[in-house]
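In what follows, a structure is listed as structure tokens, so that the remarks can point back to it.
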Amino acid sequence: MTTPIDDERMRRWRLLLGDVAEESTGGLASASDTAMDSALSALYDDRGSADGNPRRSAGLGGSAPRVARWLGDIRTYFPTSVVQVMQRDAMERLGLTQLLLEPELLEAVEPDVHLVGTLLSLNRVMPEATKATARIVVERVVRGIEERLARATRSAVTGALNRAARSTNPKLRDLDFHRTIRANLQHYLPEYRTVVPERLIGYGRRSQAVQRDVVLAIDQSGSMASSVVYASVFGAVLASMRALRTSLVVFDTAVVDLTDRLSDPVDVLFGTQLGGGTDINRAIAYSQSLITRPTESLFVLISDLYEGGIRAEMLSRVAAMRDAGVQVVVLLALSDDGAPAFDRDNAAALAALGVPAFACTPDRFPDLLAVALERGDVAAWAHRHDLAATSGGPM
């Protein structure tokens with residue numbers, strides 16, 4: 001006698017293995033399960049292999065209406081996270097990327113960061129009729145990221161700049177009473193029941209002047225697609241803060257300055273051209289030209305460090321920026337995609353220069369910015385959060 005738990009286990013095995021497991025699992029009992037199985041089979045099953053064995057391959061064909069119906073089915077029967085995985089599998093396994101050039105199909109797709117990366121890679125070949133729909137899809141994803149991360153970013157940056165501006169000789173109106181008392185507790189006089197402070201701590205006077213310069217340099221090679229999306233959103237958020245002067249450049253073998261588009265991260269993204277080679281040295285050289293106040297500047301390079309340019313010059317330029325007082329941070333990825341592939345020799349060479357290189361998730365990036373803007377120990381911060389990469393092992 002089987003139990004409901006046993007029945008559910010058999011159901012899941014049947015959906016996972018396909019109809020080859022029909023006899024051993026007892027089959028599917030409901031119409032919805034049959035529809036789910038059909039959607040999975042269209043993507044993953046192919047009985048027509050030469051050796052007669054099942055092979056996970058094609059099944060949707062090249063018909064846009066058929067694909068659109070399939071996209072509707074999977075959105076009906078599977079949660080959003082699973083839908084997004086199945087969409088990516090369909091593009092990668094079945095070569096359906098070209099169908100995204102049709103506006104009707106784009107409207108049926110569940111948008112996510114990976115889809116945005118695919119659309120941006122097609123930007124140069126996309127028909128004008130499709131670009132308007134693509135922009136709507138990209139904007140939905142970008143606005144969602146902004147809603148999730150913008151407030152935390154502004155809060156972290158503002159706090160870091162305020163702490164950096166603290167004064168040890170404040171006027172009364174600028175005195176931070178709580179921090180002053182905590183710093184002077186050893187000077188408590190019991191007979192007077194009070195603290196006699198020897199050191200005052202206060203807030204620096206807020207200024208309308210730019211306090212820090214931030215330069216973001218983003219590798220737009222194909223493997224960095226998710227990082228490009230997140231970095232563009234963060235760049236736009238930082239550009240909206242008057243206390244920062246934010247510049248954003250993207251690069252492959254050429255360098256493009258997109259600073260003038262930072263008011264809208266969607267414009268930034270459509271200014272990128274994902275794919276192609278990589279010349280990190282050239283990008284750093286251009287970024288150096290944007291830095292006029294080294295000791296007040298933060299340079300963030302987002303790249304997998306696969307250098308197609310002159311490696312020795314790249315490392316020399318990073319060392320020169322560091323020696324001039326620039327706070328330099330290298331991110332191997334800015335995404336939720338897990339441990340990235342990267343050039344471990346170049347990461348190790350940067351670490352030897354005292355420049356940390358590690359992957360960072362978007363949710364942790366605001367805290368990283370705060371540490372960097374306060375000129376804190378970024379490498380130690382990365383180690384505390386298990387983000388540091390080494391040249392000798394996995395991340």
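Determine, from the Cβ-Cβ distance of Arg242 and Glu22 and an R0 of 51 Å, the FRET efficiency 1/(1 + (r/R0)^6), rounded to the nearest 0.05. The formula returns an efficiency of 0.20 here. Which residues does a label at Thr97 reach in segment 230-265, if reach means a backbone N under 20 Å from a point 7 Å past the Cα toward the Cβ? Residues passing the 20 Å test: 230, 251-254. Residues with beta-carbon under 11 Å from that of Pro265, excluding Pro265: net charge, scoring Lys, Arg +1 and Asp, Glu -1? That works out to -2.
With the simple model of a label 7 Å out from the Cα in the direction of the Cβ, Arg9 to Arg140 spans 3.9 nm. For segment 246-257, backbone phi angles converted through the Karplus equation (6.51, -1.76, 1.60; θ = phi - 60°) give residue-by-residue couplings of 10, 10, 9, 10, 10, 8, 10, 8, 10, 10, 10, 8 Hz, Gly and Pro being listed as x. Taking a sphere under 12 Å around the Cβ of Ala283 and counting the other residues whose Cβ falls inside, with K and R at +1 and D and E at -1, yields a net charge of -4. Simple point charges give the picture: +1 on the Cβ of Lys and Arg, -1 on the Cβ of Asp and Glu, and for segment 193-349 a dipole about the Cα centre of about 1000 debye. Which percent of the accessible heavy-atom area of the chain goes to carbon and sulfur, probe 1.4 angstrom? Reported share for carbon and sulfur atoms: 51 percent. Among Pro340, Pro197, Pro366, the largest mean-square fluctuation in a Gaussian network model of the chain (Cα springs under 10 Å) belongs to Pro197. Taken as Cα centroids, segment 261-276 and segment 219-237 sit 9 Å apart, rounded to the nearest whole angstrom. Going toward the positive end of the dipole of segment 254-343, with +1 on Lys and Arg Cβ and -1 on Asp and Glu Cβ, which of Leu274, Leu301, Gly325 do you reach last? Comparing the listed Cα positions along the dipole, Gly325 ranks first. Here, P(r) means the percent of Cα pairs in each 10 Å bin from 0 to the largest distance; for segment 260-395 it is 11, 41, 40, 8, 0.
Calculated accessible area for the chain comes out at 50 Å² per residue, all protein chains present (probe 1.4 Å; ligands, DNA, RNA ignored). Under 5 Å from the amide H of Ser221 lie the amide H atoms of Gly275, each residue being 5 or more positions distant or on a separate chain, with H modelled from the backbone and absent for Pro and chain starts. Between Glu128 and Leu189, the contour length at 0.36 nm per residue exceeds the alpha carbon distance by 14.3 nm. Our summary gives the chain a relative contact order of 11 percent, counting only alpha carbon pairs under 8 angstrom and 6 or more residues apart.
Stretched out straight at 0.36 nm per residue, the stretch from Arg364 to Arg182 would grow longer than its current Cα-Cα span by 62.6 nm. The ellipsoid equivalent to the alpha-carbon distribution of the chain has semi-axes of 48, 27, 21 angstrom, derived from the gyration tensor eigenvalues as √(5λ) and listed largest first.
The values are calculated or read from the model by the stated rules, or taken from the named source; none is laboratory data. All figures in this text were calculated on a predicted structure; none of them were measured in a lab. With ideal geometry, Cβ positions are generated from the backbone for all residues, glycine too; neighbour counts draw on all protein chains shown. Only protein heavy atoms, including side chains, enter the accessible area calculation; ligands, DNA and RNA are left aside. Shrake-Rupley method; radii C 1.70, N 1.55, O 1.52, S 1.80 Å.
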